[in-house]
Structure formats: C-alpha cells, structure tokens
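See structure below.
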Amino acid sequence: MIKIVDCGSQLTQNIARRVRELGVFAEIVPFHTSTREILKDGLEGVIISGGPFSVHDEGAPMYERQILTAGLPVLGICYGQQSLAHLLDGKVVSAENREYGETQIHIHKESRLFEGIPRAEFRVWMSHGDVVQGVPEGFRVIAKSKNNHIAAIQKDHIYAVQFHPEVDHTEYGRSMLDNFLKVCNARRDWEPEREYDRIVSETTEKIGAKAGVGGISGGVDSSTLSVLLRKIAGRRYHPIFVDNGLLRLNEVEQVKASLEPFDLGVTYIDAQARFLSKLRGVADPDEKRKIIGHEFIRVFEEQARDIPQTKYLAQGTLYPDVIESVPVYGASSKIKRHHNVGGLPEDMKLEVVEPFRRLFKDEVRAIAESKLGLPKEIVWRHPFPGPGLAVRIVGEVTEQKLSILRKADAIFIEELKKMGIYYKLSQAFAVLTNVSSVGVMGDEQTYQGVIALRAVTTSDFMTSDWYDFPKEQMTHIANRMINEVNGVNRVVYDVSQKPPSTIEWE
Ligand code: XMP
C-alpha cells in the first residue's frame, strides 16, 4: 500500500486514483497524521501531495520529518517537494517567475524516476509560486525547468518533483508514477474487480439474514448498491425511490425501465406534493437544500418503518466522502451546503452498511459494468444532485418553472446524445434563471424566461472546465429551445470555470 499525505491540494485524489490505476492500493491521510500511524498496515511508499501554501506561511501544513527518514521510498509533489526540502534543511524561496500551466523540463541526470522516458525534454504541468533554491544535503538535481528552476531532486529512494505527474497535461506523468511504484517494490494487486469479491464476502458477513433499506435514485452509486444487495440479500433488501417532484422529464419511467431487468423490488413513493408545498415561497438556496434534505428523511423514515425487522441502512458512500479533508480555503470560508441522505433520526437505530467506502466512483463504475452488468445509461449517467431541479431554478420553485426547465433540459440532453457528446461530458444541464428578457416572435414583442446551459468536463468535480461547442451545434440547441419551450425566449451559455464558480448555479 501507498499512503498519500494530503497537504490540501485539489489534486490529491488524482494521485490516489492514478496509483490505483497502476494496480497499487493507495490511501489518503491528512498531513497531521503521526508517523507511527502512517507507517502501519504494510506500507510500501509515501507520496506527499501539493497544496496551496508556501512553506513560509503561518500554519502551512507540515507533516513529521520522521516520515522522510523512516527508510521508505518517498515522492514529494509540488508543495511536497518544497516542504520536503524545507524539513531537510534545504532552501525554499519565492520565485521571480512563477510557473503556472504547461512548461518544459529538461532531464539533467539519469534517475529511476525517468526510466523508459524516450526524451530528455518534455512538457509538464506546474502551478507554483515558491521554488527550491538550495537542495538539502546529499540530494542531487535531476531535472530543471526552462526557467532554470529546480524541477526534480533525488537522494537514494527519496524523490521530489516541482510539477504534477498526476495530471494528464504532464507528458510521461503515469510513467514517472509507475517508476516510483517500482522503486517502492509495491505489490500490484489492486483492481476493482478483485475488490468486488472482498466487498461481497464482507457485506454478506455483515448483513447475514437481516433485512435492510436504502435509497435508490437511478444514479450509478445507488443503483449498483441495490443490484449488489439484491444479489447478496435477495428480497430482504428494500430499495426505496422517492419522487420529490424535482426530477427531470420522464425520469421515474426511465429509471424504472433501466432497472427492470434486475427485479429489485423497488418501492416508488410519489411525494411530489409534499416537497413542493414545503418549498413554496422559499428562494434561498441553502434553505431549499435544507428543506429538501429534511423532507427526504421524513418520507424515507415513514416508509422504512413499515418494513418489518429492518436492521440496517445501506448507503452508496464513496471514498472521497470519507477522506478527512484538509481545509484549503481557510476554516472561515463558506462552502456550499451539500444535503443528501444526511442520516436517519437517532431512534431508528439502524446499522449503516457502506460497501463502497474504499472505492472511487470510477471503481464503482468498473464493478457495475464488469461484475453486475448494469447498462451504460446508468453507469455513465451524469451526476444529478439530491435537491434536483430545485437548485437549477434560481429563486422560488413553482410547477410552472419546473415544467419549463424540464422541457428545456430534455431538449439539451437529447441533442447532446444525438450529437454523440453526452458521454464525453462530465455533466450537462439547463438552468432556469430568474431573469426575463425582451424578444420578438413574429410581430409580437415577448417578455419571457432565460435558460442558461452548463456543460462541463472534469475528472474530480473539484475543478471543471466548460465545453467548447462548435457554433452550429449551439445554435441548433438554442433554436430548438426557443421554438419548442413556451416561456423561453433566450438561451445563454455558461463559460465559467470551477473554481471560482461551482458547477451548479445554487
Ligand atoms: P458544485 O456545484 O459544488 O457541484 O460544483 C459539484 C458536484 O456535486 C453535485 N452537487 C450536489 N449533489 N447534493 C448532491 O447530491 C447537492 O446538494 C449537490 N450540490 C451539487 C453537482 O451536481 C456536481 O456534480
């Protein structure tokens, strides 16, 4: 196993995913974890992540120096290189020419880190203001950037790089991580399909002959969970689907159709009226999320109480949900509230079963496809937030606005599928803004709603970029919306990156 010491980088999860893709199990621990704690569990190597700090900042994340001197292979990345140099008495200074984005590096010395890389000069992705100016004793510089900054250093089995090998923009990034794993002599025994067998036996043991409940939304996590538990527990597992009235056009029918072959025995609850009446007059996004979260739990609880002998609640919790996160923006900054099945009331006393706690979403997808035979439209469905269309209608939610948004969104998704783009995107949807605009239709002046379209690509949903549509495609989509959806006379496209914007509008 490899442990990744997280110093607050947005890319820490990418490192773990890359290492796992190379067949080695990787876990993330916060920087303040003790060396003793880090070194247990048959550890084979340590990677120190990047982070948005300078080693000279007050309160900059610092792990224990002993991690570097424990005799295990270490790879420092970006801030990981700077902090490693700092802790070993090297010199880190603020750079005159900061390096952000792509740059070239040149390999100066042979090193196992660069084995198999066919060129001495190649492109890497950097994002740093500080640089290592004086290397710690015994270290040698093995690569420099075109600005003559130190790009990589090494002493025995301790390596550090200023760039990010875990992102796709870095050429040979995977090879360098693979080479580091070779240095670690790490066992290549991680694959989601093999993990599946462990999940099945652990879950079988945990639930025995007990009855359980869980939510199902038609998304990949909850669907995979339900299919898995149907296999293990048969009819003793009861998936519950709550229609909160905030779903997309024909969504319930579509979910029913795609899950039908699995005979899951889903209980569908039509709670549309309850949710919509609770949301009447509410415009604040946090308030909407809170109301929907609470109402969901109440509906779910009422239903679950009717199932006799229920002993456990199954949840599709993933590894990113359980990682103890290092605050990046400072403790005081307000981060958008995410409200899902927050937990059932204390007095229900259900044991929580979370078979996917160790997995990333791409690993759940691999299991869903290869082990459980879930169809593509579920496995690769874009994520849809728990509060549904309520956070895609800016301001108060009404039946009329829901109806406009449903039609516009359905046109967008239908066109994306026809154009062969849907599965290239990470998420795409329409938003009903709370703006009305003037238009002309025939000889008439109109004053109607404005739809905003969002289409993003991302590997982790922590950062994202907007998708650059060819003009004809966008024009076609916008024309269809304006012609076919009553109440819409203007379509705009959201070209904001995350950060600073979020993916959803609310
Ligand atoms: P943001 O808007 O924070 O979204 O950039 C990142 C990802 O999270 C989804 N999202 C939510 N999912 N409940 C959810 O289950 C929520 O309240 C919620 N808010 C955002 C969003 O769709 C995107 O995939």
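With the condition kept exactly as written, say whether any residue in the stretch 436-453 is more than 15 Å from the ligand (Cβ to nearest atom), of a type in the set (D, E, K, R) and out of contact with any helix residue (DSSP H, G or I) (no Cβ under 6 Å at 6 or more places or on another chain).
Applying the first criterion (more than 15 Å from the ligand (Cβ to nearest atom)) to the stretch 436-453 yields 436-451.
Then drop every residue that is not of a type in the set (D, E, K, R), which leaves 443-444.
Retained after the next criterion (residues that are out of contact with any helix residue (DSSP H, G or I) (no Cβ under 6 Å at 6 or more places or on another chain)): 443-444.
Yes, the conditions are met somewhere in the stretch 436-453.
Please verify whether the stretch 227-244 includes one or more residues that are touching a residue at least 60 places away in the same chain (Cβ under 8 Å), among the polar types (S, T, N, Q) and within 16 Å of the ligand (Cβ to nearest atom).
Checking the stretch 227-244: at least one residue is touching a residue at least 60 places away in the same chain (Cβ under 8 Å), among the polar types (S, T, N, Q) and within 16 Å of the ligand (Cβ to nearest atom).
Please give the number of the condition Leu276 fails out of (1) in contact (Cβ under 8 Å) with a residue 60 or more places away in the chain; (2) open to solvent by 70 Å² or more (accessible area, probe 1.4 Å); (3) not polar (S, T, N, Q).
For Leu276, the failing item is (2).
Restricting attention to the stretch 32-43, does a residue exist that is in contact with a strand residue (DSSP E or B) (Cβ under 8 Å, 6 or more places away or on another chain), part of a strand (DSSP E or B) and open to solvent by less than 40 Å² (accessible area, probe 1.4 Å)?
Looking for residues that are in contact with a strand residue (DSSP E or B) (Cβ under 8 Å, 6 or more places away or on another chain), part of a strand (DSSP E or B) and open to solvent by less than 40 Å² (accessible area, probe 1.4 Å), one finds none in the stretch 32-43, hence no.
Of all residues in the stretch 397-447, count the ones that are more than 28 Å from the chain's Cα centre (by Cα) and either hydroxyl-bearing (Ser, Thr, Tyr) or farther than 17 Å from Asn479 by Cα (or both).
14
Show the residue pairs meeting these rules: Cβ distance below 6 Å; 6+ apart or different chains; first residue within the stretch 193-208 and among the aromatic types (Phe, Trp, Tyr); second residue assigned to a helix (DSSP H, G or I).
Tyr196/Ile367
Residue check: is Ala160 free of Cβ contacts under 8 Å to residues at least 60 places away in the same chain and crowded, with 23+ Cβ neighbours inside 10 Å? Don't jump to the end; show me each part of the working.
Values: free of Cβ contacts under 8 Å to residues at least 60 places away in the same chain: no; crowded, with 23+ Cβ neighbours inside 10 Å: yes.
It is false that Ala160 is free of Cβ contacts under 8 Å to residues at least 60 places away in the same chain and crowded, with 23+ Cβ neighbours inside 10 Å.
Name every residue in the stretch 464-481 that is touching a residue at least 12 places away in the same chain (Cβ under 8 Å) and of a type in the set (Val, Ile, Thr), in order of residue number.
Within the stretch 464-481, just Ile477 meets the criteria.
Out of (1) part of a helix (DSSP H, G or I); (2) open to solvent by 30 Å² or more (accessible area, probe 1.4 Å); (3) at pLDDT 90 or above, the odd one out for Ile367 is which?
Result: Ile367 fails condition (2) only.
Name the pairs: first residue in the stretch 418-430 and without any contact (Cβ under 8 Å) to a residue 24 or more places away in the chain and within 16 Å of the ligand (Cβ to nearest atom), second residue of a type in the set (D, E, K, R) and open to solvent by 10 Å² or more (accessible area, probe 1.4 Å), Cβ to Cβ under 7 Å, at least 6 apart or on different chains?
Final answer for the pair search is none.
Using the structure shown, decide if Arg187 is out of contact with any strand residue (DSSP E or B) (no Cβ under 8 Å at 6 or more places or on another chain) and open to solvent by 20 Å² or more (accessible area, probe 1.4 Å). Please lay out each step first, then the result.
On the way: out of contact with any strand residue (DSSP E or B) (no Cβ under 8 Å at 6 or more places or on another chain): yes; open to solvent by 20 Å² or more (accessible area, probe 1.4 Å): yes.
Yes; evaluated as a whole, the condition is true for this residue.
Yes/no matrix, rows are residues, columns are (1) modelled with pLDDT under 95; (2) farther than 17 Å from Ile48 by Cβ:
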position	(1), (2)
Leu88	no, no
Glu99	yes, yes
Ile107	no, yes
Val132	no, no
Arg140	no, yes
Gln154	no, no
Leu177	no, no
Phe180	no, no
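Only residues that are out of contact with any helix residue (DSSP H, G or I) (no Cβ under 7 Å at 6 or more places or on another chain) and β-branched (Val, Ile, Thr): list them for the stretch 155-184, please.
Thr170, the sole residue that qualifies.
If you check Thr457 against the conditions, is it within 16 Å of the chain's Cα centre (by Cα), within 16 Å of the ligand (Cβ to nearest atom) and touching a residue at least 60 places away in the same chain (Cβ under 8 Å)?
Values: within 16 Å of the chain's Cα centre (by Cα): yes; within 16 Å of the ligand (Cβ to nearest atom): yes; touching a residue at least 60 places away in the same chain (Cβ under 8 Å): no.
No; evaluated as a whole, the condition is false for this residue.
Would you mind finding the one in Ala314, Ala271, Ala257 that is at pLDDT 90 or above, away from the ligand (no atom under 15 Å from the Cβ), out of contact with any strand residue (DSSP E or B) (no Cβ under 6 Å at 6 or more places or on another chain) and not acidic (Asp, Glu)? If you could, list the steps in order and put the result at the bottom.
Values: Ala314 fails: out of contact with any strand residue (DSSP E or B) (no Cβ under 6 Å at 6 or more places or on another chain); Ala271 fails: out of contact with any strand residue (DSSP E or B) (no Cβ under 6 Å at 6 or more places or on another chain).
Within the list Ala314, Ala271, Ala257, the selection yields Ala257.
Within the set of pairs 6+ apart or on separate chains, which have a first residue in the stretch 370-387 that is open to solvent by 70 Å² or more (accessible area, probe 1.4 Å) and assigned to a loop (DSSP other than H, G, I, E, B), a second that is within 16 Å of the ligand (Cβ to nearest atom) and modelled with pLDDT of 95 or more, and C-beta atoms under 6 Å apart?
Trp380/Tyr423
The values are calculated or read from the model by the stated rules, or taken from the named source; none is laboratory data. Since this is a predicted model, take the numbers as computed values, not measurements. Cβ coordinates were reconstructed from backbone atoms using ideal geometry, including for glycine residues, and neighbour counts include every protein chain displayed. Ligands, DNA and RNA are excluded from the accessible area calculation, which covers all protein heavy atoms including side chains. Shrake-Rupley method; radii C 1.70, N 1.55, O 1.52, S 1.80 Å.
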